[in-house]
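Okay, so here's the structure we're looking at.
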Amino acid sequence: MNSLQKQGVYFLANDQVFDLTVAFLNSLRKFNPQIALCLIPFNNNFSKISNLKDIYNFCIWKDQQSLDFCDKISLQFHNNVAGHYRKLVMWGGIFDEFIYIDIDTIVLKNLDFAFNLLPHFEIITSYSNYEAIKKWVWKESVYDTGILTNEQIEYAANTGFIVSKKGILSLKDVENNLQKALKLKPYMELSCMEQPFLNYLMVTSGKKITSLFSLLNSDLYPEKYLESWGGGKIKKKNGKLFKVENQNLYQVFFIHWAGLTQLKKFDYFLFKLLKRAGICRKIWPVSLLIPNKRYWKLFRNII
């Protein structure tokens with residue numbers, strides 16, 4: 001790994017999501033041209049992505065031992081290695097302060113506003129304490145276990161955007177808490193991969209945690225930017241994007257197509273029809289029908 005740097009962004013990717021990664025990197029660099037970047041390889045298939053490192057100025061995580069550790073953790077929750085768990089290494093990386101961002105996103109703002117919150121909190125997510133997200137973290141039966149408090153359960157954060165500091169959680173913490181977390185495995189929504197386990201680690205860490213959504217009425221967060229799910233309604237006004245939340249308009253700082261980009265059977269059927277009509281020559285790298293795709297295409301088509 002490189003020597004420690006003050007601030008930076010981690011992202012997780014491999015060649016299977018090459019087009020998503022290009023759109024993400026184009027958007028990030030448009031609004032954050034100087035911020036340090038580090039790729040955490042999702043698996044060993046990342047040669048095409050690594051060829052982008054000079055174009056977008058990013059380094060690549062080199063500590064294979066820590067990645068292997070995360071792969072072993074994923075096997076405790078799934079029947080196969082899930083690269084999503086590799087984001088757990090970020091607390092032991094090269095940045096004193098960092099942001100992690102999923103690559104099925106486009107970034108629309110400078111991210112300095114997020115770093116400005118770190119003097120007050122140790123872990124910040126985009127959304128938490130939001131009923132629509134909780135079902136993607138915990139099953140309702142988790143309340144009956146008595147293992148977590150209601151407050152811990154209801155935090156239920158989306159782990160596609162995390163702001164934190166080096167050392168706040170460590171792989172040793174992960175190891176020490178694994179057996180306790182596995183008691184909750186039947187009550188986790190494991191289709192969302194690492195999200196329930198990472199929520200468990202955050203809410204039991206004893207650290208000061210919050211989310212941008214929870215800070216909307218706080219003087220600590222005057223920008224009041226919000227994430228927009230790609231499947232939600234986005235309004236455009238004076239060249240800026242907004243979303244409606246609690247009957248108020250908030251500027252969108254990134255769009256996240258969680259769960260929407262994967263090609264489905266209908267996509268292949270539709271592609272065949274479009275190919276016969278001479279409209280398409282190759283299969284789209286994302287679903288033909290993802291909502292708000294024009295924003296994604298805007299950044300994917302830069303190079």
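The values are calculated or read from the model by the stated rules, or taken from the named source; none is laboratory data. Only a predicted model underlies this, so the values are computations on that prediction, with no experimental measurement involved. Cβ coordinates were reconstructed from backbone atoms using ideal geometry, including for glycine residues, and neighbour counts include every protein chain displayed.
Looking at segment 1-35 only, could you name the residues that are within 17 Å of the chain's Cα centre (by Cα) and hydrophobic (A, V, I, L, M, F, W, C)?
VAL9, PHE11, LEU12, ALA13, VAL17, PHE18, LEU20, VAL22, ALA23, PHE24, LEU25, LEU28
What about LEU212, is it of a type in the set (A, V, I, L, M) and more than 21 Å from the chain's Cα centre (by Cα)?
Numbers: of a type in the set (A, V, I, L, M): yes; more than 21 Å from the chain's Cα centre (by Cα): no.
In short, no.
Given segment 11-127, what helices (runs of 4 or more DSSP H) lie entirely inside it while holding 1 or more residues that are free of Cβ contacts under 8 Å to residues at least 40 places away in the same chain and touching a helix residue (DSSP H, G or I) at 6+ places or on another chain (Cβ under 8 Å)?
Details: elements: 18-31, 47-50, 53-56, 64-75, 112-115.
Ranges flagged: 18-31, 47-50, 53-56, 64-75.
Considering only residues that are closer than 18 Å to THR145 by Cα, aliphatic (A, V, I, L, M) and in contact (Cβ under 8 Å) with a residue 40 or more places away in the chain, which ones fall in segment 174-196?
Of all residues in segment 174-196, those closer than 18 Å to THR145 by Cα come to 177-190, 196.
Now narrow it down to the ones that are aliphatic (A, V, I, L, M): 178, 181-182, 184, 188, 190.
Of everything in segment 174-196, those that are closer than 18 Å to THR145 by Cα, aliphatic (A, V, I, L, M) and in contact (Cβ under 8 Å) with a residue 40 or more places away in the chain turn out to be LEU178, LEU182, LEU184, MET188, LEU190.
With more than 14 Å from the chain's Cα centre (by Cα), part of a helix (DSSP H, G or I) and closer than 29 Å to LEU226 by Cβ as the only criterion, which of GLN152, GLN179 stands out? Before you say what the answer is, go through the steps one by one.
Values: GLN179 fails: closer than 29 Å to LEU226 by Cβ.
Going through GLN152, GLN179 in turn, the sole match is GLN152.
Rundown of residues vs (1) basic (Lys, Arg); (2) more than 19 Å from PHE98 (Cα to Cα), yes/no style:
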| residue | (1), (2) |
| --- | --- |
| ALA23 | no, yes |
| LEU37 | no, no |
| ASN43 | no, yes |
| LYS48 | yes, yes |
| LYS53 | yes, no |
| GLN76 | no, yes |
| ASN79 | no, yes |
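Just to be sure before I move on: is GLY259 on the phi > 0 side of the Ramachandran plot and modelled with pLDDT under 95 in the structure I sent? Outline the logic, then answer.
Working: on the phi > 0 side of the Ramachandran plot: yes; modelled with pLDDT under 95: yes.
The answer is yes for GLY259.
Here's the yes/no breakdown for (1) of a type in the set (D, E, K, R); (2) closer than 26 Å to SER27 by Cα; (3) at pLDDT 95 or above:
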site: LEU178; (1), (2), (3): no, no, yes
site: PRO186; (1), (2), (3): no, no, yes
site: SER211; (1), (2), (3): no, yes, yes
site: LEU216; (1), (2), (3): no, yes, yes
site: GLY231; (1), (2), (3): no, yes, no
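Please give the number of the condition TYR221 fails out of (1) closer than 19 Å to ALA132 by Cβ; (2) assigned to a loop (DSSP other than H, G, I, E, B).
(1)
Would you confirm, using the coordinates I've provided, whether GLY167 is assigned to a loop (DSSP other than H, G, I, E, B), touching a helix residue (DSSP H, G or I) at 6+ places or on another chain (Cβ under 8 Å) and on the phi > 0 side of the Ramachandran plot?
Numbers: assigned to a loop (DSSP other than H, G, I, E, B): yes; touching a helix residue (DSSP H, G or I) at 6+ places or on another chain (Cβ under 8 Å): yes; on the phi > 0 side of the Ramachandran plot: yes.
Judged against the criteria, GLY167 is a match.
Can you report the number of residues in segment 77-105 which are at pLDDT below 95 and surrounded by 19 or more Cβ atoms within 10 Å (Cβ to Cβ)?
Summing the residues that are at pLDDT below 95 and surrounded by 19 or more Cβ atoms within 10 Å (Cβ to Cβ) in segment 77-105 gives 0.
Please verify whether segment 197-210 includes one or more residues that are touching a residue at least 60 places away in the same chain (Cβ under 8 Å), part of a strand (DSSP E or B) and surrounded by 15 or more Cβ atoms within 10 Å (Cβ to Cβ).
There is at least one residue in segment 197-210 that is touching a residue at least 60 places away in the same chain (Cβ under 8 Å), part of a strand (DSSP E or B) and surrounded by 15 or more Cβ atoms within 10 Å (Cβ to Cβ).
Take the residues in segment 134-144 that are in contact with a helix residue (DSSP H, G or I) (Cβ under 6 Å, 6 or more places away or on another chain) and in a helix (DSSP H, G or I), then tell me which one is surrounded by the fewest Cβ atoms within 10 Å (Cβ to Cβ).
That would be SER141.
Do you know which residues across segment 47-63 are of a type outside the set (Asp, Glu) and within 13 Å of GLY92 (Cα to Cα)? Break it down into steps so the answer makes sense when it comes.
Step one: list which residues in segment 47-63 are of a type outside the set (Asp, Glu), which gives 47-53, 55-62.
Across segment 47-63, the qualifying residues are TRP61, LYS62.
Considering each of LEU184, LEU108 in turn, give the residue that is at negative phi, surrounded by fewer than 22 Cβ atoms within 10 Å (Cβ to Cβ) and in contact with a Pro (Cβ under 8 Å, 6 or more places away or on another chain).
Exactly one of LEU184, LEU108 is at negative phi, surrounded by fewer than 22 Cβ atoms within 10 Å (Cβ to Cβ) and in contact with a Pro (Cβ under 8 Å, 6 or more places away or on another chain), namely LEU184.
Would it be correct to say that LYS236 is at negative phi and either in a loop (DSSP other than H, G, I, E, B) or under 21 Å from the mean Cα position of the chain (by Cα) (or both)? If you could, list the steps in order and put the result at the bottom.
Working: at negative phi: yes; either in a loop (DSSP other than H, G, I, E, B) or under 21 Å from the mean Cα position of the chain (by Cα) (or both): no.
No: the conditions fail for LYS236.
Any residue at all in segment 278-285 that's more than 19 Å from SER27 (Cβ to Cβ), of a type in the set (A, V, I, L, M, F, W, C) and surrounded by 13 or more Cβ atoms within 10 Å (Cβ to Cβ)? Give the steps one after another, and end with the answer.
Just the residues of segment 278-285 that are more than 19 Å from SER27 (Cβ to Cβ), to begin with: 278-283.
From the residues that got through so far, the ones that are of a type in the set (A, V, I, L, M, F, W, C) too are 279-280, 283.
Among the residues that remain, those that are also surrounded by 13 or more Cβ atoms within 10 Å (Cβ to Cβ) are: 280, 283.
Looking for residues that are more than 19 Å from SER27 (Cβ to Cβ), of a type in the set (A, V, I, L, M, F, W, C) and surrounded by 13 or more Cβ atoms within 10 Å (Cβ to Cβ), one finds at least one in segment 278-285, hence yes.
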